[in-house]
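Read the structure below first, then the notes.
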Amino acid sequence: MEPEMRFEQVDGPRSRQCKQCKLSLDVAGETVGRAEINDLTMRLASAWVRMGGIANVVVQSQHRGKGYASRLMREAVSYMEREGYAVSILFGIPDFYHRFGYVPVTSEYNVSVAVRDTERLSATTTVREAQQEDHAGLLDLYTRANARRSGAVRRTRVFYAALADEVWWGHPTRILVAGETGHPTGYMLLEGDPASLSVMDVIVPAEHVATAGASLIAWLGQEALARRRERLRLPVPPDEPLVGLLRGIGCKVETTYPANYGGMGRIVDLAALATAIKPAIADRIQTLPVEARPGRVELDCPDTGQAHLEFGSGSLLTIRLPQQQLLQLLMGYRGIDELWREHGGDDAGDLAAIRALFPAGYPHMWELDHF
Ligand SMILES: CC(C)(COP(=O)(O)OP(=O)(O)OC[C@H]1O[C@@H](n2cnc3c(N)ncnc32)[C@H](O)[C@@H]1OP(=O)(O)O)[C@@H](O)C(=O)NCCC(=O)NCCS
């Protein structure tokens, strides 16, 4: 009997404030496999783009190996194409999702500090539990601090309220803030279980690192000392201003680049992506010397198609890469030089201009936003 695909629109989790499309694959009235697409908005090349967050891809164990997950994934990508999504992201098992055009686009970061070294910091700001009045300020801190962070998901004020209501493993999530009520200057969000001391979000803008940042880390150091911990672990990208402070007191910074698993993405609709990032790229072009400013950028994926971004007078800048590597470049996951060595053709093009417009960085989706 032919498997039948069903699509159902539902509301996503309250903290995410998004719609969700549930895909079910039925055979003879029985659901044999499922997947979900979360309708989210994500930072990419400093712009906001529509992103389909794929989650909960599962096939019943007795029906595995029959191509059902492949059918679900192909249908999910076609659905996102029809609906005008620019890109899709998922957190994948090893060596599976490359079949559907996905490639790693975010790394895993681990910054660790010896607890005794946190005593080198002076806590000048009081650290306290967040109140409801802080939620707007927390959202503002998160949004400002991640304005240029590819991979960061758009949050709403409800996000913090919903987390405060949520209970994980019997312990409510803790949000610790520095600054006066209603005017937080930095915050740290810990998983519910205090014994695990697991930090999920640390948001401190550059201007508050010396005050709020130092106080939050000193507070965490005290807590770790009481729990007989030797090291603090923070899941923060190495270019966060807070890591600059930690370098001053001694720290270890690890970045893991997964071969074919973890935070992976693909371009869904190149034209929609080009339209979404165009204003942000126009701003970047303005930072180049006049003679180096392109008037037109052509994104050329030999396997998927082309898109053009028009900026006025100036030369043509062509970026010719497979879909997967183009997304790695636009996300800042890899730089043009290494990508060109592996995937470029004979004509190296204007690498200096591409390097300036699409610099390599540290894309990141904070753990609380994973799906
Ligand atoms: C992973 C899972 C969804 C695959 O479902 P499935 O219907 O058996 O997959 P398919 O039959 O469509 O297999 C497609 C291809 O993937 C390969 N594959 C299947 N399971 C795989 C796995 N766990 N890891 C890597 N490759 C796998 C198959 O060999 C096949 O390869 P081919 O195209 O080269 O022949 C299923 O095993 C499952 O539900 N696992 C538990 C839940 C899970 O881990 N989900 C993924 C969360 S990110």
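Structure data summary
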{"quantity": "Boolean, MET73 is part of a helix (DSSP H, G or I) and either more than 13 Å from LEU23 (Cβ to Cβ) or more than 12 Å from the ligand (Cβ to nearest atom) (or both)", "calculated": "no"}
{"quantity": "Failed item, numbered, when TYR109 is tested on (1) more than 18 Å from ALA35 (Cα to Cα); (2) among the hydroxyl-bearing types (Ser, Thr, Tyr); (3) touching a Cys at 6+ places or on another chain (Cβ under 9 Å)", "calculated": "(3)"}
{"quantity": "Filter result for the condition that a residue is at pLDDT below 90 and over 21 Å from LEU245 (Cβ atoms), over THR173, THR143, THR156", "calculated": "THR173"}
{"quantity": "Number of the condition not met by ARG148 [criteria: (1) surrounded by 20 or more Cβ atoms within 10 Å (Cβ to Cβ); (2) outside the structural domain of GLN20 (by TED's automatic domain parsing); (3) within 20 Å of the chain's Cα centre (by Cα); (4) not in a helix (DSSP H, G or I)]", "calculated": "(1)"}
{"quantity": "Residue check, ARG128 charged (D, E, K, R) and either in a loop (DSSP other than H, G, I, E, B) or without any contact (Cβ under 8 Å) to a residue 24 or more places away in the chain (or both)", "calculated": "no"}
{"quantity": "Test for ALA114: is it more than 16 Å from the ligand (Cβ to nearest atom), modelled with pLDDT of 95 or more and of a type in the set (A, V, I, L, M)", "calculated": "yes"}
{"quantity": "Residues (touching a residue at least 40 places away in the same chain (Cβ under 8 Å) and not in a strand (DSSP E or B)) located in segment 97-115", "calculated": "TYR97, HIS98, PHE100, GLY101, TYR102, VAL105, THR106, SER107, VAL115"}
{"quantity": "Answer from GLY312, GLY295, GLY361 - the residue that is closer than 27 Å to VAL111 by Cβ and among the small types (Gly, Ala, Ser)", "calculated": "GLY361"}
{"quantity": "Matching residues, segment 36-64, being of a type in the set (Gly, Ala, Ser) and either more than 14 Å from the ligand (Cβ to nearest atom) or touching a strand residue (DSSP E or B) at 6+ places or on another chain (Cβ under 9 Å) (or both)", "calculated": "ALA45, SER46, ALA47, GLY52, GLY53, ALA55"}
{"quantity": "All positions within segment 257-276 that are assigned to a strand (DSSP E or B) and either among the hydrophobic types (A, V, I, L, M, F, W, C) or more than 30 Å from ASN110 (Cβ to Cβ) (or both)", "calculated": "MET264, ILE267"}
{"quantity": "Close pairs (7 angstrom Cβ cut-off, 6 or more residues apart or separate chains): under 17 Å from GLY263 (Cα atoms) in segment 49-68, within 6 Å of the ligand (Cβ to nearest atom) anywhere", "calculated": "VAL57/ALA69"}
{"quantity": "Scan of segment 176-193 for residues that are of a type in the set (A, V, I, L, M, F, W, C) and crowded, with 22+ Cβ neighbours inside 10 Å, ordered by number", "calculated": "VAL177, ALA178, MET188, LEU189"}
{"quantity": "Elements of type strands (runs of 3 or more DSSP E) in segment 290-371, at least 3 residues being free of Cβ contacts under 8 Å to residues at least 60 places away in the same chain and within 22 Å of SER88 (Cα to Cα)", "calculated": "294-301, 305-310"}
{"quantity": "Positions within segment 1-41 being surrounded by 19 or more Cβ atoms within 10 Å (Cβ to Cβ) and of a type in the set (S, T, N, Q), in sequence order", "calculated": "SER15, GLN20, ASN38"}
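The values are calculated or read from the model by the stated rules, or taken from the named source; none is laboratory data. Please read these numbers as outputs of a predicted model, since none were measured by experiment. All Cβ positions, even for glycine, are placed from backbone atoms using ideal geometry, and neighbour counts span all protein chains on display.
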